[in-house]
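Take a look at the structure below.
The values are calculated or read from the model by the stated rules, or taken from the named source; none is laboratory data. Everything quoted here is computed from the prediction, not taken from an experiment. So basically every Cβ, Gly included, is an ideal-geometry build from the backbone, and we count neighbours across all protein chains shown. Heavy atoms of the whole protein, side chains included, go into the accessibility calculation; ligands, DNA and RNA do not. Shrake-Rupley method; radii C 1.70, N 1.55, O 1.52, S 1.80 Å.
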Amino acid sequence: MSAPASNPALQDRIIAAIRTVFDPEIPVNIHDLGLIYDLATTETPAGANVQILMTLTSPNCPVADKLPQQVRDVVRGVAGVAHADVKLVWEPPWNSDRMSELARLELELRGVNIKSPHDSAQPRATGLTVGRTNRPRT
């Protein structure tokens, strides 16, 4: 994330709006997934201009064309925002280390096994394995 905005209340409202956007394949909001790389605001007389750098969990994401537009739309709806621009970036590549603890807990409760991408036993670059966990049944 960038340096704190000159208007922390506005930044909080923008983040709250972004948290209403969910990845369609992973039941967690995109902010807690760590898909928002940077959020910067510039105050103008007409309201704030917001610049967002975001990524997706995979370049092959089926909503690559829709998710940035959805983010742009919810941010434009925040009181005090005059303009929002969302740029999709791929560097650095997203991995599960970017997720918040809340996102990790939510996914674990849903049976998603989360491993660090630095774990040599983990075959997927995203570090997420959807499905059963290795926990014994009780």
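Computed quantities for the displayed model
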quantity: Every residue from the range 94-118 that is under 15 Å from ILE36 (Cβ atoms), of a type outside the set (S, T, N, Q) and surrounded by 14 or more Cβ atoms within 10 Å (Cβ to Cβ); calculated: TRP94, ARG98, MET99, ALA103
quantity: Filtered residues of the range 17-51 (kept if at positive phi and touching a strand residue (DSSP E or B) at 6+ places or on another chain (Cβ under 6 Å)); calculated: GLY47
quantity: Filter pass, VAL63 being open to solvent by less than 50 Å² (accessible area, probe 1.4 Å) and modelled with pLDDT of 95 or more; calculated: no
quantity: Those residues of the range 32-88 which are under 13 Å from VAL21 (Cα atoms) and among the charged types (D, E, K, R), in sequence order; calculated: ASP32, LYS66, ARG72, ASP73
quantity: Selection count, the range 12-41, where residues are free of Cβ contacts under 8 Å to residues at least 24 places away in the same chain and under 14 Å from CYS61 (Cβ atoms); calculated: 1
